[in-house]
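**Q** Below is a structure I'd like to ask you about.
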C-alpha cells in the first residue's frame, strides 16, 4: 500500500460581502450582513391533503361547479313562483300576475252572461211567437199554458187552409206573400198583388141564406184558382176578400189576366171587383196591400165597370143578324 501525500485545498473567502435589503412581513427592510437571504416568513395557506381545501380545514365545502354570473348581471331578488322561472320582485309584477290570474274568472263571467242573455232572448221570442199563433188560431192566452209551441205550429199548419174555399188562410198567406216579396227584392223581379172583393155576397146571404153565400165564395175562389198560374198564390183575407200574389208579373199583365178571369166568372153568374199594385223599391207587404186596397176602394166608390154579359137569347139574335148582314 503506497501512501500518497495529501493534497491541500485552499478556499479563498471574500473579505467583504455586499449587503442586501430584506423585507420581512412588510416591516422596514433589514440588512443582513454577509449578503445572505432570509427565508420567506409570510404565512401561506396549505392544501389539505384530505379535502383539498386551501386553508387546511377538513370541514371546508367543495368548490361549486355553477359558473359565476357575468360581471354587471346580478340575479333578481324576490319571490319565485314554484315550477316556473317567474320571479316577482316589484309591485308591477304583482299587478300583472293578478291581472293574468283574473282572466279566466272574467271569461267565465262573460260566458255566463252571454248564455243568460241568449236564453232570455229565446224565451221572449218564444212568448211572442206563441201569442201570435194564439191570435191566428183564435185561442185565449190562458189556453196557451197547456199547449206547447210545437203543438201550436202543428195546429196552424193544419188550419193553414180555409175549409170553405180551399185557399190559404190569412196568416199563412201573408207569410207566403212576404217570402215572395223578399225574393222579388233580392232578384229584382216584378211582382203584383191584387185585392179581390166578391160582389153581392151580402145580398146572397140575406135573400137565399148563407149556403148561397158559401156557394158564391167557393165559385169565385175556383174561378181565380183556375184562371191564375200554378206559381200564383191565392189567400182568403177576410169574409168576402181575397188576395192574389202574382210573382214575375207586371201590373199591366196582372190586370189583363184578372180581367180574363173576371169575364169567365161572369159567364157563371159570379161577380168580383179588384184593385192591384206592383212592387216598388222600399215596399213591404203593408204598403203594397194598402195601395191595392186603395185602388179597389176607388174603383167601387166610382161605381167602376162590372162585367155584364147579354142574355143568351139576345146574344143569339145578334149573331144571326150579323150573319144575315
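**Q** Of all residues in the stretch 242-258, how many are out of contact with any helix residue (DSSP H, G or I) (no Cβ under 9 Å at 6 or more places or on another chain) and touching a residue at least 12 places away in the same chain (Cβ under 8 Å)?
**A** Count: 5.
**Q** Scan the stretch 203-216 and tell me whether some residue there is assigned to a helix (DSSP H, G or I), in contact with a helix residue (DSSP H, G or I) (Cβ under 6 Å, 6 or more places away or on another chain) and surrounded by fewer than 18 Cβ atoms within 10 Å (Cβ to Cβ).
**A** Within the stretch 203-216, one or more residues are assigned to a helix (DSSP H, G or I), in contact with a helix residue (DSSP H, G or I) (Cβ under 6 Å, 6 or more places away or on another chain) and surrounded by fewer than 18 Cβ atoms within 10 Å (Cβ to Cβ).
**Q** Which of the residues that make up the stretch 294-303 are surrounded by 13 or more Cβ atoms within 10 Å (Cβ to Cβ) and modelled with pLDDT under 90?
**A** 299, 300
**Q** Follow-up. Among the residues of the stretch 130-164, how many are more than 16 Å from residue 176 (Cα to Cα), at pLDDT below 75 and outside any helix (DSSP H, G or I)?
**A** Of the residues in that region, 3 qualify.
**Q** Taking the condition of being in a loop (DSSP other than H, G, I, E, B) and under 36 Å from the mean Cα position of the chain (by Cα), how many residues in the stretch 229-262 meet it?
**A** Total meeting the criteria: 3.
**Q** I need every pair where a residue in the stretch 289-314 that is in the same structural domain as residue 236 (by TED's automatic domain parsing) and under 14 Å from residue 267 (Cβ atoms) has its Cβ under 7 Å from the Cβ of a residue that is in a helix (DSSP H, G or I) and at pLDDT below 90, sequence separation at least 6 or different chains.
**A** Close Cβ pairs (under 7 Å, with a partner that is in a helix (DSSP H, G or I) and at pLDDT below 90) do not exist here.
**Q** Another question, if that's okay. Test residue 286 against the criterion of being surrounded by fewer than 21 Cβ atoms within 10 Å (Cβ to Cβ) and within 19 Å of residue 169 (Cα to Cα), and give yes or no.
**A** So residue 286 passes the test.
**Q** Looking at (1) in contact (Cβ under 8 Å) with a residue 60 or more places away in the chain; (2) over 40 Å from the mean Cα position of the chain (by Cα); (3) not in a strand (DSSP E or B), which is the one condition that is false for residue 273?
**A** That leaves (3) as the condition not met.
The values are calculated or read from the model by the stated rules, or taken from the named source; none is laboratory data. Only a predicted model underlies this, so the values are computations on that prediction, with no experimental measurement involved. Here the Cβ is made from the backbone with ideal geometry for all residues, glycine too, and neighbour counts use every protein chain on show.
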